[in-house]
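> Here it is: the structure, laid out below.
None of the figures in this text is laboratory data; all of them are computed from the coordinates on show. Remember, predicted model here, so these are calculated numbers, not experimental data. Please note: Cβ atoms are built from the backbone with ideal geometry, for glycine as well, and neighbour counts cover all protein chains shown.
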Amino acid sequence: MNPDQALLSVQQLHAHYGKSHILHGVSFEVRQNEVVSLLGRNGSGRSTTMKALMGLVPPSAGEVHLQGRNLTGQRPFVICRAGLGYVPEEREVFANLTVDENLRMGEQPAVSGAARWTVEEMFDYFPRLQERRNTKAGSLSGGEQQMLTICRSLLGNPLVLLIDEPTEGLAPKIVTAVGECIQDMHRRGVSVVLVEQKLAIALKVSTRVCVMGHGRIVFEGSPQALMADEQLLSDWLAV
């Protein structure tokens, strides 16, 4: 694939929760081997964007293309098999299955062009999971469940991985490990769309950032360009 060609293309995406209009024409692209962060305040539409891409919230207008294939309106399992992975904010593990069984549940054949991942590589990233591999996932700490969710999604061998708030509520040591994992995904050729509240983490791992406000993209550019725009930071990111 041409490195300048969009791997994931989101065009004029709209989404509703009931009568509430949440997304108002969201458009952005992710190219091969990019980490793109969606930044913004709570309620700006970032998580809804991720769910709309995965088909968990049906888009009311707009289109989503992966490798040129139109995935708009498809069911989540079809979207997943096409090469789009998802790490939800809620850390949805199979509580009654062991760590090892959860990981095996995530395995699926890689689509053309996707990096291949193994369970052993997941244990290299997060040795704590190997120690707990025979433990039921419901007994894990929040940080361990986050590690497990990331690893289970990677074992689906995605072209693009959507990661929603991976460091929320985690200890600093685990935050560092998650950041290093995302950077290694990037080195291995996996493109990532990241929703991350911690600006320092997002800027460190991202090749490009999109700032959202009121369900729209209000800025798109490099992390350096974002940090140089004090008015933008004040208007859309300052607490």
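> Provide, for the chain, the number of lysine pairs with alpha carbons under 28 Å apart, each pair being eight or more places apart or on different chains. Intermediate values should be presented prior to the final figure.
Values: K19/K51; K51/K136; K51/K198; K51/K204; K136/K173; K173/K198; K173/K204.
The number of close lysine pairs in the chain is 7.
> What is region 6-236 by shape, rounded, prolate or oblate, if you read a ≥ b ≥ c off the alpha carbon gyration tensor as root eigenvalues and call it rounded for a/c under 1.5, prolate for a/b larger than b/c, and oblate otherwise? Don't skip to the answer; put the middle values down first.
Working: a/c = 1.63, a/b = 1.35, b/c = 1.21.
Cα axes put region 6-236 in the prolate bin.
> Under the Karplus relation 6.51 cos²θ - 1.76 cosθ + 1.60, θ = phi - 60°, what is the ordered set of whole-Hz ³J(HN,Hα) values for region 26-33, x standing for Gly and Pro?
My calculation for region 26-33 gives 6, 9, 6, 10, 10, 8, 4, 6 Hz in order.
> If you don't mind, another one. Please work out how much length the chain gains when fully extended from V111 to N96, using 0.36 nm per residue of separation minus the C-alpha to C-alpha distance, in nm with one decimal. Before the final figure, lay out each step's value.
On the way: separation 15, 0.36 × 15 = 5.40 nm, distance 2.95 nm.
Between V111 and N96, full extension yields an extra 2.5 nm.
> Looking at the square roots a ≥ b ≥ c of the eigenvalues of the Cα gyration tensor of region 136-239, which shape do they give, rounded for a/c under 1.5, prolate if a/b is larger than b/c, or oblate? Display every interim value, and only then the final one.
Details: a/c = 2.16, a/b = 1.65, b/c = 1.31.
Prolate.
> Which whole-angstrom value gives the distance between the alpha carbon centres of region 69-142 and region 168-215?
18 Å
> Give the residue list of trypsin sites (Lys or Arg not before Pro) in region 1-98 that are DSSP loop and have at most 14 other beta-carbon atoms within 10 angstrom. Don't skip to the end; give the middle numbers.
Details: sites: K19, R31, R41, R46, K51, R69, R81, R91; in loops: K19, R41, R91.
Filter output for region 1-98: K19.
> Continuing with this model, one more query. Which whole-Hz ³J(HN,Hα) couplings does region 83-88 yield from phi under the Karplus relation 6.51 cos²θ - 1.76 cosθ + 1.60, θ = phi - 60°, glycine and proline marked x?
Those phi angles translate into x, 10, x, 8, 10, x Hz.
> While we're here: Taking the Cα centre of region 6-236 as origin and charging only Cβ (+1 Lys, Arg; -1 Asp, Glu), how large is the dipole, in debye to the nearest 20? Don't jump to the answer; show the numbers that get you there.
Values: 23 positive and 24 negative charges, 80 e Å.
Charge dipole of region 6-236: 380 debye, to the nearest 20.
> Hey, what angle do you get for helix 142-154 against the long axis of the chain, alpha-carbon based, 0 to 90 degrees rounded to 10?
Value to nearest ten degrees: 80.
> Also, quick follow-up: Output the antiparallel fraction of DSSP beta bridges having both residues in the chain, as a percent to the nearest 5. Could the numbers behind the result be given before it?
On the way: 23 of 40 bridges.
Bridges in the chain that DSSP calls antiparallel: roughly 60 percent.
> Let me ask something additional. Taking 0.36 nm per residue of separation and subtracting the Cα-Cα distance, what length does fully extending A200 through T135 add? Walk me through the intermediate numbers first.
Working: separation 65, 0.36 × 65 = 23.40 nm, distance 3.32 nm.
So the chain would gain 20.1 nm between A200 and T135.
> With a Förster radius of 22 Å, plug the Cβ-Cβ distance of E168 and M227 into 1/(1 + (r/R0)^6) and report the FRET value to the nearest 0.05. Kindly include the intermediate steps, with their values, before the conclusion.
Numbers: r = 22 Å, r/R0 = 1.02.
The formula returns an efficiency of 0.50 here.
> Here is a further query. What do you get for GluC sites (Glu not before Pro) in region 6-98 restricted to DSSP loop and a cutoff of at most 14 other Cβ within 10 Å of the site's Cβ? Could the numbers behind the result be given before it?
Working: sites: E29, E34, E63, E89, E90, E92; in loops: E34, E89, E90, E92.
Those satisfying the criteria are E90, E92.
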